[in-house]
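Worksheet: the structure to be examined is printed underneath.
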Amino acid sequence: MKRALLLLALLAAKAEAQVVLSEVMYNPRGNENHNEFVELFNSSLTDSVSLAGWRIGDQTAADDIIAWQAGLMLRPQQFAVILDPTYFTSSTQYQTLIPAAALVVTISDNAFGSGGFSNSTAETVVLIDAAGDTVAKYLYSLGNPDGVSDEKIDPGGDDAPANWANALPVDGTPGARNSVAPSLRDAGLVPGSLISEPAVLRAGMAANVRVRVRNHGVTLIANFKIACNLIPASPEFFQPVFLGESVFESALASGEEVEVLLSTPPLPAGEYALRARLSAEGDTNPLNDSLEIAAAIGWLRETLVINEIMYAPAGGQPEWLELYNPQSYDVPLRHWWAADEAGSRATIAENYSIPARSFRVLTASPGLAALYHLPESAVLITPAFPSLNNSGDMIVLRDFSGAVIDSIFYEGDWGEAGKSIEKIWHERDNSRRNWLPSRGALGATPADFNSVSPREYDLQLERLTFSPALPRAGESVWLEATILNRGRRALANFSVHFFHDPIGTQDPGMLEELGAVAVSQALASEQMISVSLDWPQPASGINWVMAEVREARDLLMQNNRKPAEVPVGYAVHTVAINEIYYAPRTGEIEWFELFNGSNAPVNLRRWRWRDTDSEEIASLPDSNLILPAGGFAAISPKGALPNLAAAALHVVSGRWLALNNDRESLSLRDFNGGFQDSVAFSSAWGGATGFSLERINPRLPAQDSSNWSTCVEAFGATPGRRNSVFTAILPSAAQLSISPNPFSPDDDGIDDVAVCQLNLPVATANVHVKIYDLRGRLVRWLLNNRPVGSSFQVVWDGRDEAGRPLRSGVYLVFLQALHGNSGTLLSAKTTVVLARPVD
């Protein structure tokens, strides 16, 4: 008897083990109260199982499984679909999905478990047999899209989450083999594995298409192939494109994956879907044989070009943008857009095209065609056309894929009010030199050939430069003019002329020619050539120069000239700090006075000064400030200067560095940063509240305290005129000194020139300064019968008369001065050491 009971128990356990949970629909489409279902599967090949007395539910409550129309006997290898009772009266969701061979049953309650399966909290689906034993239980995962069930992968496996997956078809597979269950032969494309490289595609590029194939079935698969196509996703691209196929001949075991690579031919531009389709003999599951990804294949850069821009129209007229198609084929414009720097977009929503070698104009104004007498087809109306800034803006043209086709960043000064800017060469870049204001009769040429496009013959003086960048007094300057052939044809045998404005009026009629350079070689279109001219020892100051290119066939003369300012620094102590008003009376302002002790005017433009306490430098205004020879200039903050001489120059320093009353220093440099003068003084030197500190003689050292004293004039200061304590001092004999000595002319910016200081015991004289080597040979004639005052400086750069660098060594400097009034011949000599670095 015990043996019989044990046999019955074993048979019951075997029956229970045959019935498994197979599918759970907890988040159905439509009404969740009606459309939830649970699927069971009898995995036995031979035995049927009665579901009478079985229950199904969640971790809280279970409902009896009851018959619907076909009883409760679950045959071998049969599926049972358990539906909510309300489904049969309120829904037909699964009517076409449940096979006739499936067993359809229901439950004794109107909802599964304690109130239906939750979409917000994961619940455990529990299956209980007639003996009250739990046969199966599965904790389903959350996050399934509507209509996607959880399916068991291996019916013979356990209910661990790893053995369950989301169903592939919407609404699941109720009563049928699970979509995620392995078939005998099932090759599929792995979701998410389809990629194209590179990620950003443009017309004419070839791509590598990669996709992974997995053997989901039980048996080996081999000899499958992958075909790839581009499927049009936009009406203007209507033709599918076959990209090729790749055949895999090796065997792929169950559960194995392999990556398949397909190299495509050059791709056409367009909006497509890239589709990969798998073909394998005997494949029983077509649901996983196809994958698609979006493939926006952009046009090549400069397929179209931004060719003309009206950003500053005359009052009341519209802004617009012209596009040019230089290709031999039409280009569709649907979903293209132009944007400004602020991100405002003008999108072409309609299916427009721009014909080959034609123009189209984008604007928000329907009246543009009539304004410029254009056909309506030449104007594309885009209501959201961006507002272009007159001061400068960026315009980017992109195609449907977002690929940049053309872009430009223009500045406000590229054009003129009421005129468009036109591209010169549509084949060239969008740099400033390739754009000009329109020369058209209407101030623009929309949808027409640009008025500034290249002429047959056109030379342009592109730029005028000079070296060194910061010339010093006595240095020669090389002027270099660069000529650009902007015409379409080569030109040769032209000349470049260099001019100097000696009086600073910048009047072309008053220029003096410095020299000319002939160019015989042919200059091809868009090529440049540079020519140079040596300008020996230009005068100190800001020199205005101009270069001009001349060629008889040149058709455009407006671009043949180019001016430049050449700032040549002044010799040390050309200008002296002469008077300092550092302790003003109440209501007055501080100031200091400069004195031009040279025989030529001095331009104080952009000169710099600083005091002890400030690390910052104060600059004089960026305008011509001419200080005459022997003249005075008062430098002050903004405010009135009482008692300022009428002939004096008054310069307001934009930044004022307050002067200390007890101890202070001032230094002065010219516009090139060249040192001029400096003084570090204290109140013990002189000066007091209401009284300036005056320099006794501006030609004597500034750092000598005995050369300074308190102003003795009753007013307390002498701004703009000779100091009250001035004393003229002349040496008893001719004197010649050199500094620095030694000097090293190696262009490192330190001690590169020697300054020869001449001091004479006469007011004026004609001077010779010669340099000899130790063998007595004349190597350089610095001054030749030069008229000078009692004090003069001349610079030697270490070169001989031919401009060649001299060797290191000791040289003799010989001075001769003839006083014209008395006929007295004065002389002095000294030596200087020229020291060059040893390689």
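Here are the numbers for this structure:
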read-out: Any chance A469 is outside the structural domain of F671 (by the TED database), within 30 Å of C756 (Cβ to Cβ), open to solvent by 40 Å² or more (accessible area, probe 1.4 Å) and part of a loop (DSSP other than H, G, I, E, B); value: yes
read-out: Residue list for the range 534-566, restricted to those being on the phi > 0 side of the Ramachandran plot and either out of contact with any Gly (no Cβ under 6 Å at 6 or more places or on another chain) or crowded, with 21+ Cβ neighbours inside 10 Å (or both); value: G541
read-out: Residue match in the range 208-217 (condition: of a type in the set (V, I, T) and either open to solvent by 30 Å² or more (accessible area, probe 1.4 Å) or touching a Ser or Thr at 6+ places or on another chain (Cβ under 7 Å) (or both)); value: yes
read-out: Number of the exception - A136 against (1) in a loop (DSSP other than H, G, I, E, B); (2) of a type in the set (A, V, I, L, M, F, W, C); (3) touching a strand residue (DSSP E or B) at 6+ places or on another chain (Cβ under 7 Å); value: (1)
read-out: Total residues in the range 134-182, condition over 55 Å from the mean Cα position of the chain (by Cα) and in the same structural domain as F117 (by the TED database); value: 11
read-out: Top-ranked residue of the range 312-339 - restricted to ones that are charged (D, E, K, R) and either out of contact with any strand residue (DSSP E or B) (no Cβ under 7 Å at 6 or more places or on another chain) or modelled with pLDDT of 95 or more (or both), ranked as least open to solvent (accessible area, probe 1.4 Å); value: E322
read-out: Within the range 26-57, tally of residues that are under 17 Å from D129 (Cβ atoms), assigned to a loop (DSSP other than H, G, I, E, B) and not hydroxyl-bearing (S, T, Y); value: 5
read-out: First in the range 93-104 and in contact (Cβ under 8 Å) with a residue 60 or more places away in the chain, second anywhere and part of a loop (DSSP other than H, G, I, E, B) and of a type in the set (V, I, T), Cβ under 9 Å, 6 or more apart; value: L97/T173; V104/I98
read-out: Strands (runs of 3 or more DSSP E) contained in the range 663-713 and holding at least 2 residues closer than 26 Å to N759 by Cβ and under 47 Å from the mean Cα position of the chain (by Cα); value: 663-669, 675-682
read-out: Single residue of the range 64-79 satisfying the filter (surrounded by 21 or more Cβ atoms within 10 Å (Cβ to Cβ) and free of Cβ contacts under 8 Å to residues at least 60 places away in the same chain) that is farthest from N31 (Cα to Cα); value: L74
read-out: The range 331-345 residues that are among the aromatic types (F, W, Y), paired with ones that are open to solvent by less than 10 Å² (accessible area, probe 1.4 Å) (beta carbon under 8 Å, 6 or more apart); value: W336/I348; W336/L397; W336/D399; W336/I405; W337/A346; W337/I348; W337/L397
read-out: Residues (touching a residue at least 40 places away in the same chain (Cβ under 8 Å), of a type outside the set (S, T, N, Q), under 22 Å from A714 (Cα atoms) and surrounded by fewer than 21 Cβ atoms within 10 Å (Cβ to Cβ)) located in the range 660-690; value: A688, G690
read-out: Count of the range 730-758 residues which are part of a strand (DSSP E or B) and either among the charged types (D, E, K, R) or closer than 25 Å to P698 by Cβ (or both); value: 10
read-out: Residues satisfying the stated conditions in the range 357-390, i.e. within 16 Å of T445 (Cβ to Cβ) and open to solvent by less than 60 Å² (accessible area, probe 1.4 Å); value: S358, F359, R360, V361, L362, T363, L368, A369, Y372, L374, A378, V379
read-out: Matching option when the condition is modelled with pLDDT under 95 and among the hydrophobic types (A, V, I, L, M, F, W, C), among W544, W535; value: W544
read-out: Filter pass, L818 being in a strand (DSSP E or B) and open to solvent by less than 40 Å² (accessible area, probe 1.4 Å); value: no
read-out: Test: residue in the range 243-265 that is assigned to a strand (DSSP E or B), of a type outside the set (A, V, I, L, M, F, W, C) and under 29 Å from L304 (Cα atoms); value: yes
read-out: Within the range 781-802, considering residues that are in a loop (DSSP other than H, G, I, E, B) and touching a residue at least 24 places away in the same chain (Cβ under 8 Å), the one least open to solvent (accessible area, probe 1.4 Å); value: G798
read-out: Test result for A12, touching an Asp or Glu at 6+ places or on another chain (Cβ under 9 Å), modelled with pLDDT under 95 and not assigned by the TED database to the domain that holds A160; value: yes
read-out: First in the range 215-231 and more than 17 Å from I195 (Cα to Cα) and part of a loop (DSSP other than H, G, I, E, B), second anywhere and open to solvent by 30 Å² or more (accessible area, probe 1.4 Å) and of a type in the set (D, E), Cβ under 7 Å, 6 or more apart; value: A222/E249; N223/E249; N223/E281
read-out: Qualifying positions in the range 105-124 - among the small types (G, A, S) and either touching a residue at least 40 places away in the same chain (Cβ under 8 Å) or touching a Leu at 6+ places or on another chain (Cβ under 8 Å) (or both); value: S108, A111, G113, S114, G116, S118, S120, A122
read-out: Yes/no for A633 being under 21 Å from S682 (Cα atoms), crowded, with 18+ Cβ neighbours inside 10 Å and outside the structural domain of C756 (by the TED database); value: no
read-out: Residue ID - nearest to L278 (Cα to Cα), chosen from residues in the range 159-188 that are crowded, with 16+ Cβ neighbours inside 10 Å and among the β-branched types (V, I, T); value: V180
read-out: Considering residues of the range 247-280 that are aliphatic (A, V, I, L, M) and open to solvent by 40 Å² or more (accessible area, probe 1.4 Å) only, the residue nearest to the chain's Cα centre (by Cα); value: L261
read-out: Selection count, the range 592-616, where residues are over 46 Å from the mean Cα position of the chain (by Cα), open to solvent by less than 10 Å² (accessible area, probe 1.4 Å) and within 15 Å of S636 (Cα to Cα); value: 3
read-out: Residue among R345, R277, R334 that alone is in the same structural domain as K419 (by the TED database), under 30 Å from V209 (Cβ atoms) and of a type outside the set (A, V, I, L, M, F, W, C); value: R334
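Residue-by-condition table, conditions (1) surrounded by fewer than 22 Cβ atoms within 10 Å (Cβ to Cβ); (2) within 21 Å of L380 (Cα to Cα); (3) over 23 Å from the mean Cα position of the chain (by Cα):
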| residue | (1), (2), (3) |
| --- | --- |
| G412 | yes, no, no |
| K419 | yes, yes, yes |
| N434 | yes, no, no |
| S438 | no, no, yes |
| A441 | yes, no, yes |
| A444 | no, yes, yes |
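The values are calculated or read from the model by the stated rules, or taken from the named source; none is laboratory data. Quick caveat, the model's predicted, so the values are computed rather than measured. Every residue, glycine as well, gets a Cβ built from its backbone with ideal geometry; the counts of neighbours run over all protein chains shown. The protein model used for the area step is the full one, side chains on, heavy atoms only, and it has no ligands, DNA or RNA in it. Shrake-Rupley method; radii C 1.70, N 1.55, O 1.52, S 1.80 Å.
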